[in-house]
Every structure is written in C-alpha cells, then in structure tokens.
1. Would you work out if segment 2-74 is rounded, prolate or oblate? Take a ≥ b ≥ c from the square roots of the eigenvalues of the alpha-carbon gyration tensor; rounded if a/c is under 1.5, else prolate when a/b is larger than b/c, oblate otherwise.
2. Do any of Lys14/Lys52; Lys56/Lys79; Lys80/Lys148; Lys56/Lys80 go past 22 Å between their Cα atoms, and which?
3. Order the peptides 95-101, 33-39 from the highest to the lowest mean number of other Cβ atoms within 10 Å of their residues.
Amino acid sequence: MENNSDEFQSMRLKITGMHCANCAKNLQTALSKRDGVIDAAVDITTESADIKWDPKAVTLAEIADTVSDTGFSVFTFEKKMHIGGMHCAGCAKRARTGLEGINGVIFADINITDNSGFIKVAPSYSDLEDEERYYADLEDKIAAALSKYGFEYIGDDGEAVSAADVGDAGDGDACAVGCAIGDKADDAEEGGKKKITGIFHRLLQKK
C-alpha cells in the first residue's frame with residue numbers, strides 16, 4: 001500500500017523483529033501515539049505496518065525511529081552510487097536535497113571527495129514482492145531527482161543513466177555557488193543490484 005496525496009502520505013512497511021500478537025499491539029500503540037501519524041495498523045501475520053501520516057508533522061525517518069525505539073525495525077536497504085557534476089559543498093547540499101526528496105528515502109548523504117552518494121531506503125511491502133521492477137523504478141527516480149538539480153546519476157556498474165530518459169535536466173547550468181555542472185564520475189562500484197536483490201529474497205524467504 002502506497003498512497004501519497006498533497007495532504008497525507010500512506011505506506012505499508014515491512015517490520016522485522018516481531019514475534020507475537022503483543023509485539024504487534026505494542027508497536028501499533030507506539031505508532032498511533034506518534035505526533036503526525038494519522039492512522040497505524042500492525043499485522044503480525046504479514047509482519048507489516050500500514051501507516052498514514054502528515055508529512056508536515058513527521059517524516060518517514062522519524063516513523064522508522066519510533067519503530068526502532070519500540071524494539072523493532074523497519075526493513076531498509078542501503079545503496080551507494082556515483083554522481084557526475086559535483087564540484088563543491090554547495091553541489092553536495094543540492095544533490096543531497098534531491099535524494100532526500102525520493103519517496104521511501106529515510107537518509108541521504110554525499111561525499112564530495114569521491115563524488116559518491118549514499119541512501120537508506122524503506123521500500124513498501126508491495127515493492128518487496130516485485131524487486132526487479134522496484135529497483136528499476138528507484139534508479140529512474142534517483143536519476144530524475146539528481147537531474148532536477150543539474151547532476152547526473154552514474155549507476156552502480158559505472159554506466160550513466162541518461163537524464164533524457166527520465167526527464168528534463170532541471171534548473172540551470174551552475175550550482176548554488178557558481179560551479180559548472182555536467183562532469184561525470186570516473187568510476188563506480190559493481191554489484192549493487194545483485195546485492196539488493198539478494199537481500200529482498202532472503203527476507204521474503206523468512207515469511
């Protein structure tokens with residue numbers, strides 16, 4: 001379940017660490033008491049939580065923190081990428097803002113020294129059922145988010161995902177402090193897709 005409107009957002013999250021009905025009850029109570037959460041329903045049989053929240057009052061990252069504080073975890077995965085066109089701290093800030101705006105991203109960071117980016121993502125429960133489609137969609141969203149700020153997403157395998165394939169290049173030819181935009185990272189890590197696919201598979205095998 002994932003339904004985002006201008007006012008509220010909703011998502012079904014995979015929860016790990018629950019073992020009984022009391023676990024689900026305790027988590028549901030904690031989530032329901034969280035400021036900004038409109039509705040929460042936790043299901044022990046599917047190990048999931050349906051959550052509806054006001055993004056102006058609480059973030060998905062803060063909801064994940066509430067889950068952790070209760071003794072459980074939202075299933076997440078981490079992805080490192082290479083980004084083309086960054087030259088300074090201003091570029092890094094803009095690129096991080098773009099990544100943080102992707103639905104499901106609960107943390108983003110940029111390392112300007114090696115032109116890399118890092119995100120921690122909480123996929124929806126339905127995304128886990130079709131991981132190949134989800135991963136392809138996520139890469140499109142990453143490319144579009146970075147392109148909006150004038151940067152280029154270089155995939156895990158070192159092949160650029162063209163901004164033209166996912167949308168317009170965004171706002172301008174220079175970063176906030178006047179750097180030129182458009183360079184490409186020299187290299188990239190391999191195996192990201194295979195690694196994430198394996199994580200999804202192992203998690204679902206536990207059900």
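1. Values: a/c = 2.07, a/b = 1.66, b/c = 1.25.
Judged from the Cα gyration tensor, segment 2-74 comes out prolate (a/c at least 1.5, a/b above b/c).
2. Going by Cα-Cα distance, Lys56/Lys79; Lys56/Lys80 fall outside the 22 Å limit.
3. Ranking the peptides 95-101, 33-39 by packing returns 95-101, 33-39.
Coordinate-derived values only; no laboratory data. Treat the numbers as computed from the prediction; the structure is a model and nothing was measured. We place every Cβ from the backbone using ideal geometry, glycine too, and count neighbours over all the protein chains shown.
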